[in-house]
1. Limited to the range 374-387, what total is found for residues that are within 25 Å of A864 (Cα to Cα) and open to solvent by 10 Å² or more (accessible area, probe 1.4 Å)?
2. I want to confirm something. Restricting to the range 302-335 and keeping residues that are open to solvent by less than 10 Å² (accessible area, probe 1.4 Å) and of a type in the set (G, A, S), which single residue is farthest from R367 (Cα to Cα)?
3. Please work out if G525 is assigned to a helix (DSSP H, G or I), within 36 Å of the chain's Cα centre (by Cα) and modelled with pLDDT under 85.
4. With the checklist (1) within 27 Å of Q656 (Cβ to Cβ); (2) modelled with pLDDT under 90; (3) buried (at least 21 other Cβ atoms within 10 Å of the Cβ); (4) not polar (S, T, N, Q) in hand, flag the one item A889 doesn't pass.
5. Out of the residues in the range 56-80 that are part of a helix (DSSP H, G or I) and surrounded by fewer than 17 Cβ atoms within 10 Å (Cβ to Cβ), state the one that is farthest from the chain's Cα centre (by Cα).
6. Which of the following residues is out of contact with any His (no Cβ under 7 Å at 6 or more places or on another chain), part of a loop (DSSP other than H, G, I, E, B) and either on the phi > 0 side of the Ramachandran plot or not hydroxyl-bearing (S, T, Y) (or both): P382, P399, P323?
7. Kindly indicate whether A762 is over 19 Å from the mean Cα position of the chain (by Cα), farther than 12 Å from E725 by Cβ and either of a type in the set (S, T, Y) or crowded, with 24+ Cβ neighbours inside 10 Å (or both).
8. Could we say that F246 is touching a residue at least 60 places away in the same chain (Cβ under 8 Å), in contact with a Leu (Cβ under 9 Å, 6 or more places away or on another chain) and surrounded by 17 or more Cβ atoms within 10 Å (Cβ to Cβ) here?
Amino acid sequence: MSAIHREPELNWPDLRHAIELARVGVVGKLLRGGTEEQRRTFGPELEAYVKGLPDERWWGNRRPAAAVAVAALGCLPSAARTAALLTRRNVRDWWGDIPVGEMVQMARARDLPWLGDLALRLAGKLGRDGEVGQWALVAGLLTEAGVAPPTDDAFVRGWLGHLQAWHLGDKRRPLLDRLRVDPYLDALLPRLFEVDGLGVELARSTWDQTQRRWDHQPAMPSALVALAAEGRVDRAVLLDGVLGRFLRGDRVGALRAFVVLHDELAPTDAELTVRVGRYARLLPDAHSTVAGLAQRALRRLDDNGRLELDTLLHGSGQLLARPEKMLVKAQLSWLDRVAKRDRDRAGEVLETVAVAFGHDALDVQERALTIVLRHAARIEPPVRDRLAELAAVLGGDLPGRAAAVLGESSVVVDVPAGLPLVPMPPVTPMPPPVTSAAELAEEIGALVHDQSSLIGWERVLAGLVACHADDPVALRDALVPILDRYEAQFLPGHVQGAPRLRQLLGEAVRAAVRVDTRLSGWQRGVGMVRAALGGSPAGLPITGYGPGPQQVMALRVAEMAVHTRYRPVPMLVATPSRANGQLDATVLVDRLAEAERAGWQPWRFDLEQALLRLPREIDGDALSRAAALRSPAGVRLAHWLTDGGAPDPVSVRVEQRRPAARRFDRWELSQLPERRVVVALRPGAAEHGPLGRELFEIDPPDRPVFQFSDPEHQLWPGVLPNHREVVAAWALPTFAGLADSDQRGAELLPLLAEVAGPVGPAVTLALTYALAARHEADRVAGVDAFLALAGSGDLDGPALGREFGGLAADGTIKLTRVVAGLSEAARAGARAEVWAAIEAALPAVLATTGRGGPDLLALGAQTATVTPTVTPTARMTGGGSGTGGAGEAAGGPGRGALLAVLAEISGRGGSGRLVTEARRLARVLGE
């Protein structure tokens, strides 16, 4: 009798072995061959197996995620438990590997009633980026279960990504063919217009299988228009969706595809008419491209007699307040035609045109005034009077032209020259010191994440010394966990090529809590301090921590790391009393008197930093009390105060040039700017101390160098809070990179306006480079610094003008960027200071034909009516002379020379903008 063939009995070891080998097909076959009761018995074992699998097993060539997913669908008893396992991070990361066909076969074999519930649970875990593979798994389960798809953002993104994924097998068919048969089109199409940022995906390039190349024209708009032509989708849904997206707004790149779709839809007059209100609502606030689209649509309706004049006037009044000159000028031309056409309502039209009298651009104001004057003879006297009143806000020479035709206004209108400049607020005091080890631990944690805070650094340094002296045991208990938590941040080494101050701080903390130091970091700190204490004639040692002010900060922290262990003190004497880094002389006298009574001496570099933080003006009481001190530190303070502190160095402008490229370094040199102006510092005759020798002398190389912005640079003003010119000189390569190398990071500049000291070429050049920066955030910082210096009376407008005029004349900086910043400063109230800079810049600017000259002339005509304020008299020694370069003529041509230049340009004839604006400014200056 022959033996009966039996299938091997389903068992967990075989199933687990198949999962470990990532044999998805074998897992499915095993489970489908068993009974439902057998499958369910493996559920708990599968869950335990997945939980116990180490992280590294989920990576590599035989990652088990897909096999685990098929097993979960085949073994687990409910949607909740299956979803819980499938959404574990190590499984969810590999959803794209899971074969949808195997999952569907398993669901059919078990006839699961909860498959739809599972699919919706998984849909809720889709990533926001809409990863195509993950979406395909969820969509396959939804389709098998016959459940309506969710319409949340993640599912819609995944759907769109799947439609446009050119590489997915049969998805090589044209997009139009895929859309026709897509089961989700009707449900999800309206959501394409509602998900923020989705327009970026709609505008993606597509692969043209026929031409075998990428097509950079968005494919989705054309496909949707074709479906609308076939009747597969409703045109109204598309057009309403586009307008809704425009009204909600989005990033510029995300609107491009919708603009293309609108243009390809080519709405009819009837479609435009029923939506006229929505188009009108786009005029005031929409992106300029969208506003232009709405403007053209409404003008077409007006040309065809389908637009109410009231709608036109209301929308025009809003659009004329926009800054884009092209849109405003187009609207003015439209209103000019309407005034000719509807003569009975010409007065209303001209009053709308007069809204542009308040535009920032003088040529726009002139265009509006020209239109008003053209039709003035046909308007009633009351309207003419109102227009005369509105003309009072015109700039340059335009008020005179308006008065000659419209007459003087019968109502006196007070037009302010600008907002009043806000003086710098008083410097805020330092917050209270750290009083406990627990508070110090919190401050260190905050400092690890924000290393640009001077207040944070000084409170941590002072708190570490004070808590070490007060209760070393409590300090250890509080800070050892901090060392463990931020071990990576405190590790010695290099970040972006330069060591960080926080690494030295880690050594100081370890020294304070008696934890073994990191050998390399400890040796670096010891070496720095020993070399500095050696009094080398060459100054401070090369620490690798960046330019002078940053080296001083590093040296102070290294000094703490060394001396906290071997020569501790109860407090630091250099901790500032004001938030900008300044230290009141009376506070320092009190600290040194206390040290003298207790019999200890402050650390050397701590004392030197304290001296550099003393204000320039010292009251008599502090002088007399310092003279009574007898300790070495007290005697040093008395001599410092008697000598008047650190003298200002001499600032000398230095022009750097890019050297001729050689074959082996051609690329590197090509990245450097052709020309750059920086500042050299020559120390004064008096003794500066060891830190002063490092800080008050700079000898720049003869070629530009790259110096990237760093958050720690914002600590520099606190090192020299009474010498902002010196700080600016050290930072000039960074500031120059903002304008000539498209770098980022001008956060230091407004901080310079908050500290003290004369303003010389370095500060002026720093301000120039920030105003000419590539990135808007840096230009905003430049405007803030301009206003702060103007408010405190420290801004040298003519020197600023000579600098940016000379640098713009040869293309070193872009003048158009500077003009934009000066316009903002003028609107903020610094019109007199802006004109002082423009007047000094114009001779150099007008000697060339570069861009920005007409804009600078126009801004000059708007601001020249204000009497310039007296520029500051306190200057750096030698700061106005400089050496070499376009800004060498320190005194600059006078008003007569400027008028001569304007007259020469005006006499060239023609109606070009340069000639027009030169004539305008000449008229303003001649009044």
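1. The number of residues fulfilling the criteria is 0.
2. This residue is G315.
3. So G525 passes the test.
4. (3)
5. Among residues in the range 56-80 that are part of a helix (DSSP H, G or I) and surrounded by fewer than 17 Cβ atoms within 10 Å (Cβ to Cβ), the one farthest from the chain's Cα centre (by Cα) is A80.
6. P323
7. No; evaluated as a whole, the condition is false for this residue.
8. Here the answer is no, as F246 does not meet what is asked.
The values are calculated or read from the model by the stated rules, or taken from the named source; none is laboratory data. Keep in mind it's a predicted model, so treat the numbers as computed, not measured. Neighbour counts are summed over all protein chains in view; Cβ atoms, including those assigned to glycine, are modelled from backbone coordinates with ideal geometry. Please note that ligands, DNA and RNA were not included when accessible areas were found on the heavy atoms of the full protein model with its side chains. Shrake-Rupley method; radii C 1.70, N 1.55, O 1.52, S 1.80 Å.
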